[in-house]
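Worksheet: the structure to be examined is printed underneath.
What follows draws every value from the coordinates through simple rules; no lab data is involved. Remember, it's a predicted structure, so these values are computed and weren't measured experimentally. When we count neighbours, we look across all protein chains shown, and the Cβ atoms used for this are built from the backbone with ideal geometry, even at glycine.
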Amino acid sequence: MSAETSTWTTKKGLAQMLKGGVIMDVVTAEHAKIAEDAGAVAVMALERVPADIRAAGGVARMSDPSVIESIMAAVSIPVMAKARIGHFVEAQILEALGVDYIDESEVLTPADETNHIDKHAFKVPFVCGCRNLGEALRRISEGAAMIRTKGEAGTGNIVEAVRQLRSVLAEIRRLQSMREDELFVAAKELQAPYELVRQVAADGKLPVVNFVAGGISTPADAALVMQLGAEGVFVGSGIFKSEEPARMATAIVQATTHFDDPKILADVSRGLGSPMRGLALEQIPDAERLAVRGW
Amino acid sequence: MKIGVLAVQGDFAEHVAMLRSIGVEPVEVRLPEHLEGIGGLCLPGGESTAMRRLIERWGLRGPLLDFAATGAPLFGTCAGMIIMAKDIDGGEEPVLPLLDVTVHRNAFGRQLDSFEAELTVPVLGDQPIHGVFIRAPIVERVGAGVDVLASLDDGRIVAVRERNIIATAFHPELAGEPRFHRLVATMATEHQEPAEGSARRRHPTRREGLPR
């Protein structure tokens, strides 16, 4: 037997195992236990949830390794952690810690205004955010093994997530309707590698798993993006900024599985206390928008 | 022939696609009533802790055990193996105690230790099986009625069968490997439509005459 580790199949395969599930932002080991008990498929280890990062301002960086390690020790499910866009040394540190996935994330302050991390150079798999198909395919060509639409993190507002998911899926449908000889120009317009564009046109889907992030704060929000075609969800501030985190977490897990069953959705949505308060997008100055980070 | 795929969480879509590719009609199972009319069931990879919660919350546990008791085939990959194990290392309560084995979760380590390797699975023929192991479990102990279908070179057990229950620590559904699903379909057909004039026969690859 010649075993080969960190192959493309195992990298994107872990994301396949997370499908139909909820990945939750957690800042302490206790949060992580609550998330695992609620049925989270993975946790994102952070120092602050996006709503607090937004409120605090300043430069948001990779978490202290001791925070990440305490969370890794507390749960048996996969642990993800965030590195700044382009900050390949933060990514090297996270790989050295042995995290299961790295999120090269717009929620943190970008470290490089031109280049993303060369993710092929790492053994640990990466998830990256996108707003549209071109951005998704550029991240995949850099080695991302999982994609999530960005939404607008820390707002509790689903509108950006819906816009972006619809955009990605509409652009995929557009590619499917094209003649072969039109795909060259489509690749140019998408600013994405032709080979990936051709593959998406043939398969009718991204070559990696596609989750939705940024703004999910109720079971109905999770079911909405699942019905639209998401393969799973990230919930950041929506759980631990709600009145009853454990109940909200459980309800969002149930809603993600039974996204197509309105009776069950009604059942799990009952009596959850207040969700996070949330922000209208118009209240956020352009300079504080997170989704526009990354290119 | 319809075969169900437990679809509460995990890579159930990959099992669905594999069943479709071998000409079997897949049925996604999220609630007990979805078990009606299916001849077998696949339990996908995923996170066993999440799957456990969803099985318990929606009352699937009893109906799944009843389904297994009819003799219909069940096939679990990775988390599906953990879900069907009688003993889980570390003292976790079993979910569906159908398979007399002890499994060790995340036995190889974290994601950085996930790997691919060629395996020999004699009951499926001479062609090796390409094993994709993702944060995979291993089988640490097998009971007297359990057949070992495959081991790694170091002897660690990664595929087992006990009567109508089959489980692998790896993911044939990620490797384009249809032979396990074909075996399940064959067993399901024999279970549903035993040949005319005969009593319900045991499957040819089933081990006979061992003490239970």
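The figures follow:
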| item | result |
| --- | --- |
| All aspartates and glutamates inside 20 Å of A:Lys188 as judged from Cα atoms, apart from same-chain residues fewer than 8 positions distant | A:Glu135, A:Glu142, A:Glu171, A:Glu180, A:Asp203 |
| Rule-of-thumb Rg ratio for chain A [Cα; 2.2 N^0.38 Å; N residues] | 0.95 |
| Antiparallel %, DSSP beta bridges [both residues in chain B], to 5 | 50 |
| Spatial separation of Cα centroids for region A:9-73 and region A:78-111, in angstrom | 11 |
| Gyration tensor (alpha-carbon) shape descriptor, region A:47-147, a/c threshold 1.5 | oblate |
| Gyration tensor (alpha-carbon) shape descriptor, region B:27-80, a/c threshold 1.5 | oblate |
| Share antiparallel - DSSP beta bridges, the protein assembly as shown, percent rounded to 5 | 30 |
| Chain B - mean residue ellipticity at 222 nm from DSSP helices (-39,500 (n - 2.57) per run, n ≥ 4, rounded to 500) | -6500 deg cm²/dmol |
| Sequence-separation-based contact order of chain B, relative, with Cα cut under 8 Å and 6+ spacing, percent | 19 |
| Cα-based Rg and Dmax for region B:2-209, where Dmax is the largest Cα-Cα distance (Å) | 15.8, 54 |
| Inter-centroid distance (Cα atoms) of region B:137-198 relative to region A:179-196, Å | 44 |
| Pairwise Cα inverse-distance average, inverted: Kirkwood Rh of the protein assembly as shown (Å) | 23.3 |
| Student exercise, region B:2-209 dipole from Lys, Arg, Asp, Glu Cβ charges, in Debye to nearest 20 | 300 |
| Where N is the number of residues in region B:114-162, Cα Rg divided by 2.2 N^0.38 Å | 1.13 |
| Aspartates and glutamates with Cα under 14 Å of B:Lys86, excluding same-chain neighbours fewer than 8 positions away | B:Asp100, B:Glu140, B:Glu162 |
| Members of A:Lys263/B:Lys2; A:Lys82/A:Lys123; A:Lys12/A:Lys205; A:Lys11/A:Lys123 lying beyond 18 Å, as alpha-carbon distances in this model show | A:Lys263/B:Lys2 |
